[in-house]
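A short write-up of the structure that comes next.
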Amino acid sequence: MKFTETDGTCFECLPEWVNYLLITGYDFAGYINKGQKISLISMPCDSPGAGLVAFGAMRYYLSAQPLSGEEIHRHLEDVKARMLFSGKDMYRYIGEDDGNAVIEEIIRLDKRRNPKRPKKEPITRTASLKGLDLRFEDETILVSSNKALPNLQIYEQLVPQGNVINEGTLQQSHSAVCMAGKRKGVSVTKALLFDTYFEAGGKKASLHELLSLVDGALDVVSRVTMYNARTGKIDRPGLPPEIVVVDGIDAFLKITEEMQRSSNNNFSGANIVAVIDRTEKREKLDSLQTKVSELRQWYEPDLQEFSAPPKGIALATYFKRI
Amino acid sequence: MLDRREIFSNLFGDLRKQIRVILEAMYEGGNDHEIEIAHELRNSLSEWLTVPVPFDGVLINALQLLGNRDIIERRWGDEVVRAFEAAVSIAESMQQNGNPMRRTLGDEIEKLLRENTSIRIYAHPKSVEYFISLCNTLTEEHFLYGYDVYSASKSFDVLLKVGPLRSVGWGKCPDALLTSPRFRILTQFVWSGSSDEEHFGLDPVTGASVVDVLASKTGMALNGVPDALKWSLKNTRIGDTVNDPENGIKDEPDEDDFSFLFRIKSRYADVNRERSAALIKFVNAYGILIPSREEVLVYDPEKNEEDGAIELVLPTGKHLEGCFFVLPMIEIADFGEVHVEKIKYSKIWKGCLADVIKSHPEDLSELSRLLRMNKVGLQNLKGRLPEWCNPPSTVIPAPRKWEHFNALIAVLSEHYNKHELLADDFAKKAWVEIRRSRGNAINEGREESRTQKELEFDLLIKLMSEIVNTNTGRDEFIVPVAPDHDLQGSYRFFLVESVEQGLVVPDTVLREIHSVTEFDIWRG
C-alpha cells in the first residue's frame, strides 16, 4: 500500500501517522456500542487527517453485513409514498415480485401540458434492485451492482488486521460515517482529500474518491456523508451518523453546539472524532479548550482505549458519564 | 530544543525601572493627552523588549515626549522628575555602549550563516530592518511572520526569536512555534526578567502547554506530557551578570515589564471604564474594533437568504472567518455614498503635505517639532508624515485624532503658507471626509440603537440580489442603496480573516476602520 499527499505522484509507504489515523478511525468505529465518545486528535499542521480517520471508520463498515434484498424491499414498502429516481426518470414503488422490484413511472406534469399530445401511459418496470439504481430524491443510490465502489484492492490493504470486507457493502450507500468539513468551507477540506492518494495492486485513487463523497451527481453509491459546518446541512439525507469525523476547531464547536442543542438531532447520539491543527490561532485554541472544559462536566477522560499516538500527534478521548 | 539566551544589562535594567516609575504616575493621574504619551512610551518600552533596536536617539526621543524638566517637575513632582533625569542619563550612556542584544544576536546570526545552517527569524515585518542592519546577508526569505506563513513554511534548522514567547501584543507569535516546530532548535533572545507567557505553547487537546511544562521541569521525565510537547531547555545568561554593589550593580532579578504594563493598563482600564472589545480583522489588512456586546451585521456568501446569509450577531458569539463584515453607511437624510473616488478635501491637504515634505526633505524635523509644539505627541512622527501623504485606499490615511489633524492643517497653513487650507472650516470638512472613510461618522451617536440596526438589517435583506451580484470574489465591495428606499447610503463589505477577542479599549477608538497594525497599541 502506497500513499502520497502530492496529487497522485511521489508515492511512499504508508507513513506512521497515516497508519495511526486510519487505525484510530477503524477502532473508533468498532467501539460504537460502549457509550458516546468524543476524541480529539491534534496534529502539527493542516492535513487530510480527518479524511484519514473517516476512511478508517468507513473501512470498518465495509466488513459489516450489507442490507439484504428483503430488508431493502421492506424499507421501500414502508416509504411507498416517496418518489424514486432511476437516472432522470421518476418512479413509485409498487411492490416485490419474486425478489425483484416492481416500479411504476411517474409522468411529470410538464410532459402533459400539451393537450393535443396523447396522454402517456405510465410504464411499469420489474427488475432486480441492483440493476435499477434506485434512489430517493436528494439521496444517493440505495443499491447498485453497476455503480459499486471500485478500488477493492485499496480497501482490502488499508487495515491488514481488519475484518474481511463484505463486497456487498460496496454496492450500497451508507450514512454511518459523516465528515464535518472545515468551517471555512467544505471545499477547503475537499481540496486536501483530492490531493491525497492511495495506491495498491496497481490501482490508485484519491482519498475523496475512496471516501465516495458526493460531488455533484447523486447517481452514485456513497458511504460517507459530508456536513457543511457553515450552512449546518448534510450533503444528503439519511439515517443519523454513528460517527462524525470533524475537520478543525470551528467545525467541532459547531457540531458540539448542535449536539447539545437537543437530545434528538443528527449528532446527539453520534461519536465524535475531531482532528485539530495546532497551528490554528490562539483564540481558536482557547475556544476549543473552553469547550473541552465545558464538556468535562458530562464526559470523563478515557486514557486506555486507543494505542499511543506517534510523535507529533496528541490524543485525548472522553466518554459520556452514565 | 529551546535555547534561551537571557541578556542582562544593568543600564537597561535601570532604565526600565525608571520608565516604570514614570508610567505608573502617568497612568495614575494623566489627562487624555498625557495618557496618549504614556501609551507611546509604553509602546517604546515594548518595542525595545521585542525588537533589536539600536540604542540611539530613539530612547531619548521617547522620553522627550514628556516635555522638559520644569514641566515634568511641576506636573508630576520630585519622584517622576528624578526618574526622568535618571532615565535620560542612562539612555545617554546606553547610546555610547550600544545594545548588547544586537551584539549577541548579530554574532549568532553570523555564526549560523557561516556554518551554512538553515535559519529563519520570527519577526514582525516592521522590525525586519533592524535585523538586516545586523547582518547584510540576511534577505526577506530569512524572515517569517504570521500564522499562515509559519504553517506553510518548509522545515529548517534554527528559528531565532527576540523577546518572550507571547500569544498577544508585542512580539506575539503562534503557539505552533512550540507545538508544531518546523525546526530543530528555537534560539530565543530575551532581556532578563522577561518571562514567557503562562500557558504558551498550548495543545488544546491535552490542555498541556510547553512553557508550563518547561517551567516545572526538574530533569525528571514528566508523566502525562504527550510526546508532541516534549522539549529540552538550555538556559544561558549573557551580559552584566556580575554582582558589583560598589557601583550600584546588584545581581537582582529584573521585573517582567510585560506583566507590569498589563497591570497598570488593566487598572487604568477599570478606572476609566474602558470597554471590552473584539478586533475584527479583514483580509485586506484593515480592521475594526467592536464592543464585545454589540451586534454586527455579517454576510455569509456560502449561505442563501433562507439559511440566514445575513445575520446580526455578536462578534464574540459566531465564527466570522470567511464571512463579510457589513458596515452600514446609512442615514435617513440624503447623505450620499462614501467612495474614495469622490474624495475632495483629502486630495488638497495631502497635496500640501506632500509638497512640504518634497520641498523641505531636510526639514522634516522642523515640521515634527512644530507639530509637537501643537501637542501632537506621537512617536516616530517623521515616519508617519509620509504615510499620511499616501492616497486613499480602504480608508484615508491621516492622523487618528481630530486634535492632531487640526494641528497638522494649522501648521501647514500658517508655517508653510498653504493658504488653500485656510478656507472656511476646511479642517472640519476634511475631517468629516476622513471619518466617513473610517466608517464611524454616520454611526456616531446611535451605535446603541437597536431599532436602527434592525432597519439596516431589513434593508440589507432586500438588497440580497445586489449583494450576490456585486460579490465577485473581491475582499471588499460596496453595495449602494437604490434611491427608492427610505434609508439612503450604502453598505460596505469586508471579508473577515479572523476575530481577536479580549481587547480593552477606550470608547474613542471603537467602530473605526484602520490598518490592523494601528491596533497594536491596544494589545499590550
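The values are calculated or read from the model by the stated rules, or taken from the named source; none is laboratory data. The structure presented is a predicted model; accordingly, all values stated were derived computationally and were not measured. All Cβ positions, glycine included, derive from the backbone under ideal geometry; neighbour counts span all protein chains shown. Accessible surface is based on the protein model in full, side chains and every heavy atom, while ligands, DNA and RNA are left aside. Shrake-Rupley method; radii C 1.70, N 1.55, O 1.52, S 1.80 Å.
Overview of values
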read-out	value
Selection status of B:VAL88, assigned to a helix (DSSP H, G or I) and under 30 Å from B:GLY67 (Cβ atoms)	yes
Residue in segment B:123-143 that is crowded, with 19+ Cβ neighbours inside 10 Å, within 14 Å of another protein chain (Cβ to nearest Cβ) and at pLDDT 90 or above present	no
Residues located in segment A:225-246, provided they are open to solvent by less than 20 Å² (accessible area, probe 1.4 Å) and within 14 Å of chain B (Cβ to nearest Cβ)	A:MET226, A:TYR227, A:ALA229, A:ARG230, A:VAL246
Candidates A:SER145, A:SER222 - the one that is at pLDDT below 95, closer than 30 Å to A:TYR91 by Cα and away from chain B (no Cβ under 14 Å)	A:SER145
Candidate set from segment A:120-142 (those that are under 16 Å from A:ILE106 (Cα atoms) and assigned to a loop (DSSP other than H, G, I, E, B)); member that is modelled with the highest pLDDT	A:LEU134
Failed condition for B:ARG75, given (1) touching a Gly at 6+ places or on another chain (Cβ under 6 Å); (2) open to solvent by 80 Å² or more (accessible area, probe 1.4 Å)	(1)
Which listed residue, of B:GLU302, B:GLU311, is modelled with pLDDT under 90, of a type in the set (Asp, Glu) and closer than 20 Å to B:GLN452 by Cβ	B:GLU311
Contacts under 9 angstrom Cβ, first residue in segment B:499-510 being more than 14 Å from chain A (Cβ to nearest Cβ) and charged (D, E, K, R), partner open to solvent by 60 Å² or more (accessible area, probe 1.4 Å) and in a strand (DSSP E or B), 6 or more apart	B:ASP507/B:ARG275
Among residues of segment A:155-169, those that are surrounded by fewer than 23 Cβ atoms within 10 Å (Cβ to Cβ), in contact with a Phe, Trp or Tyr (Cβ under 8 Å, 6 or more places away or on another chain) and assigned to a helix (DSSP H, G or I), counted	1
Tally, over segment A:22-58, of residues that are within 18 Å of A:ASP302 (Cβ to Cβ), open to solvent by less than 10 Å² (accessible area, probe 1.4 Å) and of a type in the set (A, V, I, L, M, F, W, C)	7
Qualifying positions in segment B:70-81 - charged (D, E, K, R) and over 30 Å from the mean Cα position of the chain (by Cα)	B:ASP70, B:GLU73, B:ARG74, B:ASP78, B:GLU79
Residues within segment A:59-98 that are of a type outside the set (Lys, Arg) and surrounded by 15 or more Cβ atoms within 10 Å (Cβ to Cβ), tallied	19
Set B:ALA430, B:ALA423: member being at pLDDT 85 or above and of a type in the set (A, V, I, L, M, F, W, C)	B:ALA430
Scan of segment A:172-191 for residues that are assigned to a helix (DSSP H, G or I) and surrounded by fewer than 20 Cβ atoms within 10 Å (Cβ to Cβ), ordered by number	A:SER187, A:VAL188, A:ALA191
Matching strands (runs of 3 or more DSSP E) fully within segment A:1-108 where at least 2 residues are among the charged types (D, E, K, R) and free of Cβ contacts under 8 Å to residues at least 60 places away in the same chain	A:89-97, A:100-105
Qualifying residue in segment B:55-70 (condition: in a loop (DSSP other than H, G, I, E, B), within 21 Å of B:ARG400 (Cα to Cα) and either touching a residue at least 60 places away in the same chain (Cβ under 8 Å) or of a type in the set (Gly, Ala, Ser) (or both))	yes
Per-region count, segment A:267-322, residues in a loop (DSSP other than H, G, I, E, B), away from chain B (no Cβ under 13 Å) and among the basic types (Lys, Arg)	1
Residue that is surrounded by the fewest Cβ atoms within 10 Å (Cβ to Cβ), among those in segment B:156-173 that are within 14 Å of chain A (Cβ to nearest Cβ) and touching a Gly at 6+ places or on another chain (Cβ under 8 Å)	B:VAL168
Filter result (open to solvent by 10 Å² or more (accessible area, probe 1.4 Å), of a type outside the set (Phe, Trp, Tyr) and in contact with a helix residue (DSSP H, G or I) (Cβ under 7 Å, 6 or more places away or on another chain)) within segment B:422-435	B:LEU422, B:ALA427, B:LYS429, B:GLU433
Filtered residue count, segment A:234-267, keeping only those that are in contact (Cβ under 8 Å) with a residue 24 or more places away in the chain, of a type in the set (S, T, N, Q) and over 24 Å from A:THR140 (Cα atoms)	1
